[in-house]
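Chemist: One structure, pasted below without further comment.
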Amino acid sequence: MPKPLEQLPEGEIERRYRIGGVMTDVLDYLTSGFVERGFEWSLPVVFSESTDPLWPDPGASIEKRIAVEIYGKTVRTTASMIIHKMVACSLLYPKLFILSPNVRIEKRERALSGRHAYEFTQLDFEVRDASSRDIRSLVEGVVCGLVDGLRRDAVEQLVYLGRHRTLKTPHAPFKCYDKEELEKRYGEDWERQLTLEITEPAWVTGIPREFYDFEDDGKWDNYDLILPQYGEVLSGAKREWEYEKIIKKMERDGIKKEHYTLLLKLAKEGRLKPSAGAGIGIERLVGWIVGAQHLGETQIFPKIPGMVYDL
Ligand code: ATP
Ligand code: ASP
Ligand code: MG
């Protein structure tokens, strides 16, 4: 398990320094890439009445939800900025992205997955009137360009981390798998099996998830990006925007409507617009690039489920 910074031996400090160099390059590439593609860069928020319910995502495993009272109102810490993205994309910016800290108090056993922290950062982005295909093409361009750029410009770091030979620039378009087909082939363990089988990043579509992902006749228009030998790094979807559909899904899933008052009001008034987007887990992306055992190795102050360090 990644130790706190002050307990790391010298050799490990050197490795972390190199990982940090890759993190800087990744953030630089991603943020400038989105700005160049015409996205507005918004700052994140911590407290809001609405946040991602993280339910009923089959992958969700939350031990505790954080809600506090301020100024006589109950607010929640950001689990993801999905609701904010939908609202901002409808009312203000047709294309936006946010580097957003997400607090998810994952169950303790998730420390062992090596892929979960209880605080992490998503690069969350949303595009008005976009289709799933638009977003998938955008992500493919970003991922291929990023790896290509790192292989060219971060040679020293990648060689030190033992990844220069094994990290290959992927080829777009990525293969696309249907979740139901994967389940038929692999059973419940499909994600792990697919992760081990693929040699290039791959899409999985049609995953039953939270109310905000678009669903038509039981077919979900959403997508996860799976990295070879690593696992999920991104989730995204085309979004629901129609009031009646959102209400029905909330009722079906047992979601508290009073936590989503503004979203529902905007939907009812027809002010919520169709959009699509996704969120990339930054620590997972960098963890894959540098070959980290645990994504806590990409965090200066690791937030490992069940382990609370001083910083
Ligand atoms: P998983 O099923 O792998 O736990 P998720 O599907 O619940 O993840 P999403 O809600 O889709 O996660 O979050 C969007 C992205 O944020 C994920 O694709 C992943 O890259 C990242 N992410 C989610 N949970 C964590 C976590 N606990 N620690 C680090 N990154 C995470
Ligand atoms: N960021 C994800 C998305 O855009 C939502 C999430 O984090 O759950 O769909
Ligand atoms: Mg997901």
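Chemist: Can residue 107 be described as over 21 Å from residue 278 (Cβ atoms) and without any contact (Cβ under 8 Å) to a residue 60 or more places away in the chain? Lay out the reasoning, then the answer.
Modeler: Numbers: over 21 Å from residue 278 (Cβ atoms): yes; without any contact (Cβ under 8 Å) to a residue 60 or more places away in the chain: no.
So residue 107 fails the test.
Chemist: A follow-up question, please. Would the stretch 65-79 turn up any residue that is surrounded by 17 or more Cβ atoms within 10 Å (Cβ to Cβ), of a type in the set (D, E, K, R), farther than 21 Å from residue 115 by Cβ and more than 16 Å from ligand 3 (Cβ to nearest atom)? Even if it seems obvious, please write down each step before you answer.
Modeler: From the stretch 65-79, those surrounded by 17 or more Cβ atoms within 10 Å (Cβ to Cβ) are 75-79; that's our starting set.
Then keep just the ones that are of a type in the set (D, E, K, R); that gives 76.
Now narrow it down to the ones that are farther than 21 Å from residue 115 by Cβ: 76.
After this cut, where a residue has to be more than 16 Å from ligand 3 (Cβ to nearest atom) as well, the list is 76.
Scanning the stretch 65-79 turns up at least one residue that is surrounded by 17 or more Cβ atoms within 10 Å (Cβ to Cβ), of a type in the set (D, E, K, R), farther than 21 Å from residue 115 by Cβ and more than 16 Å from ligand 3 (Cβ to nearest atom).
Chemist: Could you pull out every one of the strands (runs of 3 or more DSSP E) wholly within the stretch 178-239 that has 1 or more residues that are within 15 Å of ligand 1 (Cβ to nearest atom), touching a Lys or Arg at 6+ places or on another chain (Cβ under 7 Å) and of a type in the set (A, V, I, L, M)? Give the derivation first.
Modeler: On the way: elements: 202-205, 222-227, 231-238.
Ranges flagged: 202-205, 231-238.
Chemist: For the stretch 63-87, name all the residues that are of a type in the set (A, V, I, L, M, F, W, C) and either part of a loop (DSSP other than H, G, I, E, B) or within 24 Å of residue 269 (Cβ to Cβ) (or both).
Modeler: To start, the set of residues in the stretch 63-87 that are of a type in the set (A, V, I, L, M, F, W, C) comprises 66-68, 70, 75, 79, 81-83, 86-87.
If the condition is that a residue be of a type in the set (A, V, I, L, M, F, W, C) and either part of a loop (DSSP other than H, G, I, E, B) or within 24 Å of residue 269 (Cβ to Cβ) (or both), then 66, 75, 79, 81, 82, 83, 86, 87 are the ones that fit.
Chemist: Being within 16 Å of ligand 3 (Cβ to nearest atom) and either in contact with a helix residue (DSSP H, G or I) (Cβ under 8 Å, 6 or more places away or on another chain) or among the acidic types (Asp, Glu) (or both) is the filter here; which residues of the stretch 282-311 pass it? Break it down stepwise before answering.
Modeler: We begin by selecting, within the stretch 282-311, every residue within 16 Å of ligand 3 (Cβ to nearest atom); these are 282-285, 287-288, 295.
Once the filter is applied, which keeps residues that are within 16 Å of ligand 3 (Cβ to nearest atom) and either in contact with a helix residue (DSSP H, G or I) (Cβ under 8 Å, 6 or more places away or on another chain) or among the acidic types (Asp, Glu) (or both), the stretch 282-311 yields 282, 283, 284, 285, 287, 295.
Chemist: Looking only at the stretch 92-119, which residues are touching a Gly at 6+ places or on another chain (Cβ under 6 Å) and in a strand (DSSP E or B)?
Modeler: Hit for the stretch 92-119 is 95, nothing else.
Chemist: Hey, another quick one. Suppose we filter the stretch 80-119 for residues that are under 23 Å from residue 287 (Cβ atoms), touching a Lys or Arg at 6+ places or on another chain (Cβ under 7 Å) and surrounded by fewer than 21 Cβ atoms within 10 Å (Cβ to Cβ); how many remain?
Modeler: Qualifying residue count for the region: 3.
Chemist: Please go through the stretch 21-64 and pick out each residue that is surrounded by fewer than 15 Cβ atoms within 10 Å (Cβ to Cβ), charged (D, E, K, R) and in contact with a strand residue (DSSP E or B) (Cβ under 6 Å, 6 or more places away or on another chain).
Modeler: Scanning the stretch 21-64 gives 63, 64.
Chemist: Here's something else I'd like to know. Tally up the residues in the stretch 241-284 that are more than 16 Å from ligand 1 (Cβ to nearest atom), surrounded by fewer than 23 Cβ atoms within 10 Å (Cβ to Cβ) and in a loop (DSSP other than H, G, I, E, B), please.
Modeler: Going through the stretch 241-284 one residue at a time, the tally reaches 9.
Chemist: While we're looking at this one, here's another question. Is it true that some residue in the stretch 245-258 is more than 17 Å from residue 140 (Cβ to Cβ), within 15 Å of ligand 2 (Cβ to nearest atom) and among the charged types (D, E, K, R)?
Modeler: yes
Chemist: Residues being surrounded by fewer than 23 Cβ atoms within 10 Å (Cβ to Cβ) and either within 16 Å of ligand 3 (Cβ to nearest atom) or not hydroxyl-bearing (Ser, Thr, Tyr) (or both): count how many of those fall in the stretch 122-134. Don't jump to the end; show me each part of the working.
Modeler: Residues of the stretch 122-134 surrounded by fewer than 23 Cβ atoms within 10 Å (Cβ to Cβ): 123, 128-134.
Cutting the leftovers down to either within 16 Å of ligand 3 (Cβ to nearest atom) or not hydroxyl-bearing (Ser, Thr, Tyr) (or both) gives us 123, 128-130, 132-134.
Result for the stretch 122-134: 7.
Chemist: Find the residue count for the stretch 161-177, including only residues that are part of a loop (DSSP other than H, G, I, E, B), of a type outside the set (Val, Ile, Thr) and in contact with a helix residue (DSSP H, G or I) (Cβ under 8 Å, 6 or more places away or on another chain).
Modeler: Number of matching residues: 10.
Chemist: Need the failing condition index for residue 55 against (1) outside any helix (DSSP H, G or I); (2) under 27 Å from residue 290 (Cα atoms), just the number.
Modeler: So the condition that residue 55 fails would be (2).
Chemist: Within the stretch 216-229, take every residue that is touching a residue at least 60 places away in the same chain (Cβ under 8 Å) and over 20 Å from residue 83 (Cβ atoms) and give me the one that is farthest from ligand 2 (Cβ to nearest atom). If you could, list the steps in order and put the result at the bottom.
Modeler: Keep residues of the stretch 216-229 that are touching a residue at least 60 places away in the same chain (Cβ under 8 Å), which gives 221-223, 225, 227.
Imposing the further condition that a residue be over 20 Å from residue 83 (Cβ atoms) reduces the set to 225, 227.
On the way: 225: 11, 227: 16 Å.
If we take residues in the stretch 216-229 being touching a residue at least 60 places away in the same chain (Cβ under 8 Å) and over 20 Å from residue 83 (Cβ atoms), then 227 is farthest from ligand 2 (Cβ to nearest atom).
Chemist: Can you find a residue that is free of Cβ contacts under 8 Å to residues at least 24 places away in the same chain and part of a loop (DSSP other than H, G, I, E, B) anywhere in the stretch 288-308?
Modeler: To start, the set of residues in the stretch 288-308 that are free of Cβ contacts under 8 Å to residues at least 24 places away in the same chain comprises 308.
Of the ones still in play, those that are also part of a loop (DSSP other than H, G, I, E, B) are 308.
Yes, there is a match, as at least one residue in the stretch 288-308 is free of Cβ contacts under 8 Å to residues at least 24 places away in the same chain and part of a loop (DSSP other than H, G, I, E, B).
Chemist: For the subset of the stretch 49-76 comprising residues that are within 14 Å of ligand 2 (Cβ to nearest atom) and hydroxyl-bearing (Ser, Thr, Tyr), which member is farthest from the chain's Cα centre (by Cα)?
Modeler: That would be 50.
Chemist: Could you give me the residue pairs with C-beta distances under 7 Å whose first residue belongs to the stretch 165-191 and is among the hydroxyl-bearing types (Ser, Thr, Tyr), whose second residue is assigned to a strand (DSSP E or B) and within 16 Å of ligand 3 (Cβ to nearest atom) wherever it lies, and which are 6+ apart or on separate chains?
Modeler: These pairs meet every condition: 177/202; 177/203; 177/204.
Chemist: Restrict the check to the stretch 204-215 and report whether at least one residue is more than 14 Å from ligand 2 (Cβ to nearest atom) and among the basic types (Lys, Arg). Spell out how you get there, then give the answer.
Modeler: Of all residues in the stretch 204-215, those more than 14 Å from ligand 2 (Cβ to nearest atom) come to 206.
Keeping just the survivors that are among the basic types (Lys, Arg) gives none.
Scanning the stretch 204-215 turns up no residue that is more than 14 Å from ligand 2 (Cβ to nearest atom) and among the basic types (Lys, Arg).
Throughout, read-outs are computed from the coordinates displayed, never taken from laboratory work. Predicted model, so just to flag it, every value in this text is computed and none were measured. Backbone-built Cβ (ideal geometry, glycine too); neighbour counts: all protein chains shown.
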